[in-house]
Amino acid sequence: MKQGNPLFFLFRKLNWPVGLIIAAILISSLGSLTGLVVPAFTGQMVDKFSLDSINPMFIVLFAGIFILNAVLSGLGLYLLSKIGEKLIFAIRSILWKHIIQLKMPFFDQNESGQLMSRLTDDTKVINEFVSQKLPELFPSVITIVGSLVMLFVMDWQMTLLTFITIPILIMIMIPLGKVMQRISTSTQTEIANFSGLLGRVLTEMRLVKVSNTEQLELNKAHKNLNEIYRLGLKQAKITAVIQPISGVVMLLTIAIILGFGALRISSGAMTAGTLIAMIFYVIQLSMPLVNLTTLATDYRKAVGASSRIHEIMSEPLEDIEQDVHKPIQDGKLSFQHVDFKYDVKPILEDVSFDIQPGTVTAFVGPSGSGKSTIFNIIERMYDIERGDISYGTQSIYDIPLAQWRNKIGYVMQSNSMMNGTIRDNLLYGINREVSDEELINYAKLANCHEFIQEFEDGYDTVVGERGLKLSGGQRQRIDIARSFVKNPDILLLDEATANLDSESERKIQEALETLMENRTTVVIAHRLSTIKKAEQIIFIDGGHVTGRGTHQGLMAEHQKYQEFVHTQNLSD
C-alpha cells in the first residue's frame, strides 16, 4: 500500500487553533494589503511632486500607512509563528506519547539514541518549516497577487514582458525540491544513526574503556559524520543554486522594466511615477517569490524528516488506559499450551503449568531455556503466539493492562533505576501517598534503611544514571523495598545474587523471605536453598517444560535436574 504524505499524516493528528489561525491570517493579510498601497502612493508623489504643492495631510497619510503596514505585518507574523510553535509542541507531545506506549519488541529493535533523534532532530526540521517558513506563505501570496494586479492595472503589456522569466524559475525549482526531499530523508537517517551510536557508547562507557575500543567507536562516528557532511554539502549546493537564480530573475525583471519603461516614458505612454511604482512592486515581489521558492524546498525537507516519524506513529500501541477497572478474582496463575516466538525464532513451545495462589514456584533450567521469557510474558511485555494465560477465572488478556501490571512486583536481575534520588526510586510508579514513616518501615524490611542513612543526604541522595553511585547489592535492596511499597499480589523474582558479597547476599535473602510471605511468588532460582523451599519446581529446557514437582521428587525422577543441580554448583 502506498504511503500517503507523512507530513499531512502528522497534521491530521493535531488540534488546530482555528480562531488564532483566522485572526493571524486576517491581520497578516491586512498588513500585506497596506504594503501594496505604498508603491502606488510613491508613484503619485513622484508625478505630483513640487515644493509648493506638498500637502501635509498627504505626508501624514503616507507615514501612517507605513506605520500601519509595519505594525500589522509584525503582529501577523508573530501570531503565525505562535501557531507554528503550538503545532510543533503538539507534534512532539503526540510522538512522545506514542513512543512511550509502544510495545517492547519495538524497543528491542530500535536504539534509544535513534528515537531521541526522531524526537529532537526530525521535529526540528519540521519546526523550521511550520514555525518559520509556513507563516510566510499567506502574506507572500497576498503580496505577490496584489503586486501582480497592480502591475497589470498600471501597464499590462510591460508586466507580461517582465514576467516571462517566472516559468523558467518554476521549472528549475520543482526538480530541485524533489532532490532536496531525498537528501533530507537520508540526512535525518544518518543523524539518527549517529545519535544511536552516541547513546550506545555513552551508556556503556565503562565497557568501552576496559575494552580499549575508543578508536573503534571514533571510527564508527567519523563514518556517520562524514556521511552527514557529504549530504550537508549536497543541500548547500542546491541552496547555492536556488538563491542566485532567484536573485538573477529579480535583477533581470528590473532591467526589463527600466529598459522598456524608458521607451514608454519617451513615447508618453507612461509617467515617471508609474515606472517608479512598478519598480517598487517588482522589488516588493522579490522577497515573497524567494520565500515561496525556498518554501517548496523546505516543505520537501519537512516531508523527508516526517517520513520516519510516520513509521513510528504506525507502530501498534499497548492499551495502558487506567480509567476502566474490572474486579479481578484472585486465583491460580495458569499457562495453557503457550507458544511464543521472538521474530521467527521459537522460544517457548506448548508450555503449560499452574501456580497456586500464595505459593512459591521456582523455575530452573539451563541459560537461554526461556525462564526470563516466561516472566516477560506474565508481565505482558510480549504477545504469545498460541494458547492462553489465565488468572483465577479469566484470561489475563481480558484484564486492563495497567490494572494487571499493578498486581505484579518484579525484582529484576538488572535492578533498573532512574537518575534521581533514592526516595524517587523507592516511590517510582506508586500511585498513592506514602508517608516518611511508612517508607522508612519498608526500607527497614528490605534491609536498606541503614546504608541509606549513611549517605549525607539520606533518602534525598542522587543515585546517578542507572544507579551507578550505588553498589549492586544496594540497588537490589532498593528494588525490593520498592516492591514492599507497591505491595503486589504476584511477585516475580529473578534471584541473581551470585556477583554479590556474602553479607549483601544474606541481607537480600532476609529481605526477600519477608517480601515473599503470603504472596504468589515466581522465582528464577539460582540458590539451592530457594529451590528446596519452593512448593513447586518447574524445569525448563529448550523452551519446554520437562519436569515439575518438589526438589526431592525431581532429584529422584529427573536426570537433567540432577545434572543441573550438580554441574551448576548451586550453593545452599
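When a footprinting reagent is the concern and you count Cβ atoms within 10 Å, what order do S211, S471, S435 take, fewest first?
S435, S211, S471
Got the relative contact order for the stretch 53-173 handy, in percent, Cα pairs under 8 Å and 6 or more residues apart?
After rounding, I find 33 percent.
Of the listed peptides 455-466, 479-490, 400-411, what is their order by residue-averaged count of other C-beta atoms within 10 Å, with the highest listed first?
Per-residue mean Cβ counts within 10 Å order the peptides as 479-490, 400-411, 455-466.
Among (i) 119, 50, 47; (ii) 80, 59, 39; (iii) 119, 55, 52, which one is Cα extents along the principal axes in Å computed from these coordinates?
For Cα extents along the principal axes in Å, the calculated option is (i).
Using a cut-off of 14 Å between beta-carbons, work out the net charge of the residues near A192 (Lys and Arg +1, Asp and Glu -1, A192 not included).
Taking every Cβ under 14 Å from that of A192, the sum is -2.
Can you work out the FRET efficiency for the pair R386 and L528, with r the C-beta to C-beta distance and R0 = 51 Å, to the nearest 0.05?
0.90
Can you give the three extents of the C-alpha atoms in the stretch 415-487 along their principal axes, from longest to shortest, in whole Å?
Extents along the principal axes: 27, 22, 19 Å.
Using only helices, what value at 222 nm comes out for the chain when you add -39,500 (n - 2.57) per DSSP H run of length 4 or more and divide by the total residues, to the nearest 500 deg cm²/dmol?
After summing the helix terms and dividing by the residues of the chain, the value is -20500 deg cm²/dmol.
Could you check what % of the DSSP bridge pairs in the chain are antiparallel, to the nearest 5?
Of those bridges, close to 55 percent are antiparallel.
In percent, what relative contact order does the stretch 415-487 have, based on Cα pairs under 8 Å that are 6 or more apart in sequence?
54 percent
Need the full-extension length gain, A63 to K407, defined as separation in residues times 0.36 nm minus the C-alpha distance. One decimal, nm.
Roughly 116.6 nm would be gained on extension.
Charges at C-beta only: +1 for Lys and Arg, -1 for Asp and Glu. How large is the resulting dipole of the stretch 415-487 about its Cα centre, in Debye rounded to 20?
Approximately 400 debye in magnitude.
Can you tell me which of 543-550, 513-520 comes out highest on packing, and rank the rest after it, using the mean Cβ neighbours within 10 Å?
Per-residue mean Cβ counts within 10 Å order the peptides as 543-550, 513-520.
Give me a comma-separated list of calculated 3J(HN,Hα) values for the stretch 328-333, in order, Karplus coefficients 6.51, -1.76, 1.60 applied at θ = phi - 60°, integers in Hz, x for any Gly or Pro.
Each residue's phi maps through the Karplus curve to give 10, 7, 5, x, 6, 9 Hz.
In which sequence would M205, M555 go, from the one with the fewest C-beta neighbours within 10 Å to the one with the most?
Going from sparsest to densest Cβ surroundings: M205, M555.
Which pairs in the list K220/K301; K97/K133; K220/K469; K178/K237 are over 23 Å apart, alpha-carbon to alpha-carbon?
K220/K301; K97/K133; K220/K469
Using the charge dipole of the stretch 268-336 (Lys, Arg: +1 at Cβ; Asp, Glu: -1 at Cβ; taken about the Cα centre), state which of P288, G268, G304 has its Cα farthest towards the positive end.
G268
How many nm is it between the label spots at A255 and I21, if each spot is 7 Å from the Cα in line with the beta carbon?
Rounded to a tenth, the inter-label distance reads 4.3 nm.
What residue among G113, L151, H98 has its Cα farthest toward the positive end of the dipole of the stretch 88-166, where the charges are +1 on Lys, Arg and -1 on Asp, Glu, each on the Cβ?
H98
If I take every Cα pair under 8 Å that is 6 or more residues apart in the stretch 111-235, average their sequence separation and divide by the length, what percent do I get for the relative contact order?
In percent, rounded to a whole number, it is 47.
First measure r as the distance between the Cβ atoms of E513 and E311, then evaluate 1/(1 + (r/R0)^6) with R0 = 45 Å and state the FRET efficiency to the nearest 0.05.
0.40
I need the phi-derived Karplus couplings for the stretch 395-410: 6.51 cos²θ - 1.76 cosθ + 1.60, θ = phi - 60°, integer Hz, Gly and Pro marked x.
Karplus values, whole Hz, x for Gly and Pro: 5, 5, 7, 9, 8, x, 4, 4, 5, 5, 5, 5, 7, 10, x, 10.
Quote to one decimal, in nm, the extra length available between I94 and F106 on full extension: 0.36 nm per residue of separation minus the C-alpha distance between them.
2.6 nm
Quick test of the membrane-span-like rule: which DSSP H helices of the chain reach at least 18 Å along their long axis (C-alpha atoms) with mean Kyte hydropathy at least 1.0?
Helices meeting the span and hydropathy rule in the chain are 18-47, 56-100, 137-162.
In which sequence would R527, R300, R477 go, from the one with the fewest C-beta neighbours within 10 Å to the one with the most?
Least crowded to most crowded, the residues run R527, R300, R477.
Every read-out reported here was derived from the displayed coordinates using simple, explicitly stated rules and does not represent laboratory data. Note that this is a predicted model, so its numbers are computed, not measured. Please note: Cβ atoms are built from the backbone with ideal geometry, for glycine as well, and neighbour counts cover all protein chains shown.
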